[in-house]
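What follows is one structure encoded as structure tokens, with my remarks underneath.
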Amino acid sequence: MRLPKFTHHQPTRIEDAIHALADNPGAKAVAGGTDLLVNMKHRVELPPALVSLSRIDELRGIRREGDATVIGACTTLKEIQRDEELGRKFPALVQAAMAVGSYRHQTMGTLAGNLCQNTRCRFFNQSWEWRRVRSLCFKAGGEDCHVVGKKNICFSTYSGDMAPALLVLNAAIRIQGPQGISHIPLADLFSGQGKSPLALASAHIVTAVVIPEASGNGLSHYEKFSLRDSIDFPIVGAAVWRENGSVRVAFTAVDRAPVRAQAIEAALQGQKLTGPAIEKAASLAAKSVKLVPTTIHPVAFKRDIMASLFIRAVRALG
Amino acid sequence: MKVLNTVGQRVPMHDAATKVTGQAQFTDDLALPGMLYGKLVRSTIPHGRIVSIDVSRAKALPGVKGVITGKDIPDRVYGIVPKAKDEHALARDKVHYIGDAVAAVVAVDKEIAEEAARLVHVEYEPIPAVFDPLDAIKEGAPLIHDNLKTNISASIHKEFGDVEKGFAASDYVFEDTFFSQAVNHAPIEPHAALAAYDLQNGDLTIWSCTQIPYFLKRNLATTLLVPENKIRVIKPKVGGGFGQKIDMYAKDFCACWFAKELGRPVKFLYEREEVFQSTRQRHPMYLTVKTGVNKAGKILAQKITAYADGGAYNSTAPLMITLSCFFIMIPYRIENLIYEGYHVYTNKPVGGAMRGHGIPQARFAIERQIDLIAKRIGVDAAEMRVINAIRAGMPHPAGFIINTCGFADSVTEAAKAIGWKEKRGKLPFGRGVGLAGASFPSGVANMAHLASGAVVQLSREGRVSILSGAADIGQGAETVICQIVAEQIGVPMEDVHITAADTGTCPLDAGTFGSGVTVRAGNAALLAANDVRDQLFSFVADRLKCKPDDLMTANRRIWVKGNPDAGMSLSDALFEYQYSNRPLPIVGRGGWIPPAEQPTSLLTKNGNFSPNYSFMTQAAEVEVDLELGKVKVVKMVTVHDCGQPINPMLVEGQLEGSIMGGMGQALYEDSTCIEGQQYNPSFLDYGFPTVMEMPEMGALHIDTDDPVGPFGAKEAGEGTQLAPAPAIVNAIADAIGVEFNRLPVTPQVVLEALKKNADKS
């Protein structure tokens, strides 16, 4: 499969990237391209222009800013894995980075690129030739959802590995647009809509991920379930964080956005993490999500996996 | 094991370095000046009549050089089995599955070709479709091919011995049903063809990633209506075939058609999605197996009913269902057998030959049932296999001639290697061991006139050049042939060069299928090399005043047996040969056909199917994740009787590949369809195992010396693909006590079964 035609911009400063995005309606920012370029080959995303962020040095690197660790948006997943301090303070983050795709995805793919990846569905992530057998799906520009058989709705699934890890680490993201820089909690980056899953205004880019140092005081772990140890997206991914009586849990690949498992967190608030308490909490895993069969894996199976994966992740905290 | 100078040695593949460095030329690496690019338009409905095809917009697109539909080409069907031809390069009146080719375009670049293909508008009148063979055989099911009265396009009904008597004599009779899923070959190289036409003399040349250049040539000739001697098929490097590249495809026909019509070279390259949806896959198959045994576990009779999901076309249908039948009676001695097999059309991707060809599905059923029966009657499953093992010299009900057979030993050794005694039924819950056996032919002897030829030239400089028809598709056929020739002429591998699989310059060959290349083309090369050696030795014997039979050769030197000083270098010998006015190069020819009655056909008549048969047992140890349902293959051992391996390293490569393939079949792969459309046509979604999933692997060899194979060799390619999947599923049963009779065994089905068992207890 080949890429469609597009114009390519390669700025070296963030401001120039924002200008390029503003000046080219429909333009998209691209970093490693491991998600966007595949979608373009499938003709489900057809931006007339791409603004590459890969030459902007200030978007890379891991540094300390006051009481937070700041990771540049275009830091590669491989660079995150190799940072010993990150591994010590935020194990879930490094485990998630190691779980993404294959070696090539990790060397090309970036942190913010992984966060901003599009949602996925078995009827959407297919070639133009494959999709023409059915009517155009809602997410691809038509009306129908072939998963649930309804109109004007989309349940495509968010499947990034990095988001759940960063959610339990209480990360925020730094966004820059024509009006300047702002910070929002990571959860607010996701709209919860299958059709346009990112709540990012036009000509805005994620420039960094900000993790409070305090999150390093707790223990964290990311557990991914996929059929193969390489290449695959998660069937389910679960991240947990714990400090004293407080537990944070997040899942990926179970809904249109990565989700904090509030039911589990509430149930475990102030509790000792004994076997029975964990088991009971695990039964609440699927409570906070809307599971829809956007992949070949049945909903009941995914629900079971969510529970087991949560238990396994908690166990891994020691 | 015979370890000679090159034969029996671990020689690296002769083209390995060029492949690793990217220098090797595969079909899509080739380009010719003025080349056009083709693209196929494919059916978007599973079943329907073509009402009209509007190509006007495509034709009007600047850069488009040609557009054709099924109405523009001769009404000629093709197929790999002559009597089962049922496929047009481009559909004429009907489409039979999603992905059927309906039109083809060529343009000056790929982008325009793709655009043009999208502009072809096809109007269909849909017909109800059927997606399961058990539905397709029902009364009133939509008829997929108009020329047949049912959807059963091939069937076999065979009885050997006296089955009724066998069941009557049995202490127990069990009946179980099994299902094997659709599996794709997924060769790393997608299918491609490049054709060029010589306007002056009307010669057509096609470079195609084919396993059988001569069959392709014939099918092209009969569909293009061009004499066979005007077509030259050249097989460049091929990146894997596994049976998927034995058939002709629309890309081959259309590349030739346009090249001839337009006088410009034309290339077609399939997308990965087309490889999945529109080439071939392993037939999904339902098998019901009824087996009668005595108390000791000896099989007294078997009755098997098989329904193969053929998809939209026949491909190898009659052969596939026949193989499935005859290979029930090997590696176990089954004296009384009824086999009823049906190849059924459905509106789905097409079934075809895939490593094992109809036998993996049967083997899965039989090897699973042996474990089930062993458990039910309280016999050790390994022991039951030994009790039933066929042995060298035993009669085969259909007339196979088993000259050598290491099967019983392979069971015993595999059990030992996996730790059967200590582990079977004794490991902690979640961990288990299992094994399964198999046998495979070394090529086909009695299906047609399947011959191989070879020409070997020895030049004045001592350079050896081989012409062989054998099609190396990555398995190392060329390397093995070079080793055989190098051994006989007494030169190192670096002196030997091979040109193969070019129908314009190389001798006839039956191609790469049925695991027959080493025995058939190897024997041809051996005879050709011996012809060269005889000519050289008769001259040298004269000079050394000895008999030709007394001469030895190795390391570019010829000497008298037992007297190494009485000899001369090959270089001196060739110098003297030249100065005695003898013609150079020395040319040797060889032709080999398996010894068999000619012409016969297993489809209608019993007989010895193959020159010889390999045997093997594969044993697995697995660990089941009881919370997530995932099965990890921890260890896999193969104990193998492939006669005398010409190249043990290449044999190991086949064994390791078979483990990966077997794991895929058992645990990972499923070419699932949604209403006839393949759901997962990409390497990401199809999800075959990667190197990360590979277990610890071991290989042991049972030494037999076959009288027919070159240097005693038997096949080592397809046979090992039969036992890994049942061995793994048998090990899962040992691990968690759940008997899975449907493939694949995914985490989802494992969890469901564990839950059900927990509910029961």
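Considering segment B:443-452, the residues that are surrounded by 22 or more Cβ atoms within 10 Å (Cβ to Cβ) and of a type in the set (Gly, Ala, Ser) include one that is nearest to B:Asn608 (Cα to Cα), namely B:Ala445.
Note on segment A:5-33: among residues that are touching a helix residue (DSSP H, G or I) at 6+ places or on another chain (Cβ under 9 Å), surrounded by fewer than 14 Cβ atoms within 10 Å (Cβ to Cβ) and touching a residue at least 24 places away in the same chain (Cβ under 8 Å), the one that is farthest from the other protein chains (Cβ to nearest Cβ) is A:Arg13. A:Met98 meets the conditions (1) away from chain B (no Cβ under 14 Å); (2) surrounded by fewer than 22 Cβ atoms within 10 Å (Cβ to Cβ) in every case but one. The failed one is (1). Is it fair to say B:Glu696 is within 14 Å of chain A (Cβ to nearest Cβ), closer than 30 Å to B:Tyr613 by Cβ and acidic (Asp, Glu)? No: the conditions fail for B:Glu696.
Quick check on segment A:274-287. Is at least one of its residues more than 14 Å from every other protein chain (Cβ to nearest Cβ), small (Gly, Ala, Ser) and touching a Lys or Arg at 6+ places or on another chain (Cβ under 6 Å)? Within segment A:274-287, one or more residues are more than 14 Å from every other protein chain (Cβ to nearest Cβ), small (Gly, Ala, Ser) and touching a Lys or Arg at 6+ places or on another chain (Cβ under 6 Å).
Residues that are touching a strand residue (DSSP E or B) at 6+ places or on another chain (Cβ under 7 Å): find the strands (runs of 3 or more DSSP E) completely inside segment A:1-80 holding 3 or more of those.
A:7-9, A:28-30, A:49-52, A:68-72
For first residues located in segment A:57-81 and in contact (Cβ under 8 Å) with a residue 12 or more places away in the chain and within 24 Å of A:Asn217 (Cβ to Cβ), partners that are in a strand (DSSP E or B) and basic (Lys, Arg) and lie 6+ apart or on another chain with Cβ distances below 6 Å form the pairs A:Val70/A:Arg63. Please give the number of the condition B:Val738 fails out of (1) under 30 Å from B:Lys426 (Cα atoms); (2) within 14 Å of chain A (Cβ to nearest Cβ). It is condition (2) that B:Val738 fails.
Here the condition is being of a type in the set (S, T, N, Q), farther than 30 Å from B:Gly240 by Cα and either outside the structural domain of B:Ala113 (by TED's automatic domain parsing) or surrounded by 14 or more Cβ atoms within 10 Å (Cβ to Cβ) (or both); of B:Thr69, B:Thr27, B:Thr44, it holds for B:Thr69 alone.
Check segment A:124-135 and report whether any residue there is more than 14 Å from every other protein chain (Cβ to nearest Cβ) and either at pLDDT 95 or above or under 21 Å from the mean Cα position of the chain (by Cα) (or both).
no
Of all the residues in segment A:214-251, those that are over 14 Å from A:Leu169 (Cβ atoms), more than 14 Å from chain B (Cβ to nearest Cβ) and among the polar types (S, T, N, Q) number 1. Is it the case that segment B:81-94 has a residue that's under 19 Å from A:Ser127 (Cα atoms) and under 32 Å from the mean Cα position of the chain (by Cα)? Within segment B:81-94, none of the residues are under 19 Å from A:Ser127 (Cα atoms) and under 32 Å from the mean Cα position of the chain (by Cα).
Scanning segment B:134-153 turns up one or more residues that are acidic (Asp, Glu) and within 17 Å of B:Ala308 (Cβ to Cβ). Scanning segment B:314-347 for residues that are part of a loop (DSSP other than H, G, I, E, B) and of a type in the set (D, E, K, R) returns B:Arg333, B:Glu335.
Would you confirm whether any residue within segment B:27-44 is under 25 Å from the mean Cα position of the chain (by Cα), away from chain A (no Cβ under 14 Å), assigned to a helix (DSSP H, G or I) and modelled with pLDDT under 95? No, every residue in segment B:27-44 fails to be under 25 Å from the mean Cα position of the chain (by Cα), away from chain A (no Cβ under 14 Å), assigned to a helix (DSSP H, G or I) and modelled with pLDDT under 95.
Whenever a residue of segment B:662-674 is within 16 Å of B:Phe178 (Cβ to Cβ) and not assigned by TED's automatic domain parsing to the domain that holds B:Val691, it has no partner that is β-branched (Val, Ile, Thr) and surrounded by fewer than 24 Cβ atoms within 10 Å (Cβ to Cβ) lying with C-beta atoms less than 8 angstrom away and at least six residues away or across chains. Here is a check on your reading of the model: is B:Gly661 part of a helix (DSSP H, G or I), away from chain A (no Cβ under 14 Å), buried (at least 24 other Cβ atoms within 10 Å of the Cβ) and out of contact with any Ser or Thr (no Cβ under 8 Å at 6 or more places or on another chain)? Spelling it out, B:Gly661 is indeed part of a helix (DSSP H, G or I), away from chain A (no Cβ under 14 Å), buried (at least 24 other Cβ atoms within 10 Å of the Cβ) and out of contact with any Ser or Thr (no Cβ under 8 Å at 6 or more places or on another chain). The residue list B:Asp670, B:Asp685 contains one member that is in a helix (DSSP H, G or I), within 14 Å of chain A (Cβ to nearest Cβ) and among the charged types (D, E, K, R), which is B:Asp685.
Tell me, please, whether a residue that is surrounded by 15 or more Cβ atoms within 10 Å (Cβ to Cβ), within 14 Å of chain B (Cβ to nearest Cβ) and either without any contact (Cβ under 8 Å) to a residue 40 or more places away in the chain or part of a loop (DSSP other than H, G, I, E, B) (or both) can be found in segment A:203-213.
Scanning segment A:203-213, I find no residue that is surrounded by 15 or more Cβ atoms within 10 Å (Cβ to Cβ), within 14 Å of chain B (Cβ to nearest Cβ) and either without any contact (Cβ under 8 Å) to a residue 40 or more places away in the chain or part of a loop (DSSP other than H, G, I, E, B) (or both), so the answer is no.
Okay, residues lined up against (1) aliphatic (A, V, I, L, M); (2) in contact (Cβ under 8 Å) with a residue 12 or more places away in the chain:
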site	(1), (2)
A:Lys224	no, yes
A:Arg228	no, no
A:Ala238	yes, yes
A:Val254	yes, yes
A:Pro258	no, yes
A:Ile264	yes, yes
A:Lys272	no, no
A:Ala281	yes, yes
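Scanning segment A:308-318 for residues that are of a type in the set (Gly, Ala, Ser) and within 9 Å of chain B (Cβ to nearest Cβ) yields a single hit, A:Ser308.
If you check A:Gly109 against the conditions, is it in contact (Cβ under 8 Å) with a residue 60 or more places away in the chain, in the same structural domain as A:Ala208 (by TED's automatic domain parsing) and not aliphatic (A, V, I, L, M)?
Taking the combined requirement at face value, the residue satisfies it.
Among the residues of segment A:86-95, those identified as of a type outside the set (Lys, Arg), in contact (Cβ under 8 Å) with a residue 12 or more places away in the chain and in a helix (DSSP H, G or I) are A:Leu86, A:Pro91, A:Ala92, A:Leu93, A:Val94, A:Gln95.
Conditions (1) touching a residue at least 12 places away in the same chain (Cβ under 8 Å); (2) surrounded by 21 or more Cβ atoms within 10 Å (Cβ to Cβ); (3) of a type outside the set (Val, Ile, Thr), marked per residue:
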| position | (1), (2), (3) |
| --- | --- |
| B:Leu220 | yes, yes, yes |
| B:Thr223 | yes, yes, no |
| B:Arg272 | yes, no, yes |
| B:Leu287 | yes, yes, yes |
| B:Asn294 | yes, no, yes |
| B:Leu300 | yes, yes, yes |
| B:Ile304 | yes, yes, no |
| B:Ala308 | yes, yes, yes |
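So which residues in segment B:489-529 are buried (at least 24 other Cβ atoms within 10 Å of the Cβ) and of a type in the set (S, T, N, Q)? Matches in segment B:489-529: B:Thr512, B:Ser515, B:Thr518, B:Asn523.
The strands (runs of 3 or more DSSP E) located wholly in segment B:552-630 that include 3 or more residues which are within 30 Å of the chain's Cα centre (by Cα) and either not assigned by TED's automatic domain parsing to the domain that holds B:His396 or not hydroxyl-bearing (Ser, Thr, Tyr) (or both) occupy B:586-592, B:613-624.
For segment B:273-286, filtering for residues that are within 14 Å of another protein chain (Cβ to nearest Cβ) and closer than 23 Å to B:Ser180 by Cβ leaves 4.
The values are calculated or read from the model by the stated rules, or taken from the named source; none is laboratory data. A quick note: this is a predicted structure, and the numbers were derived from the prediction, not measured. Cβ: placed from backbone, ideal geometry, glycine included. Neighbour counts: every protein chain shown.
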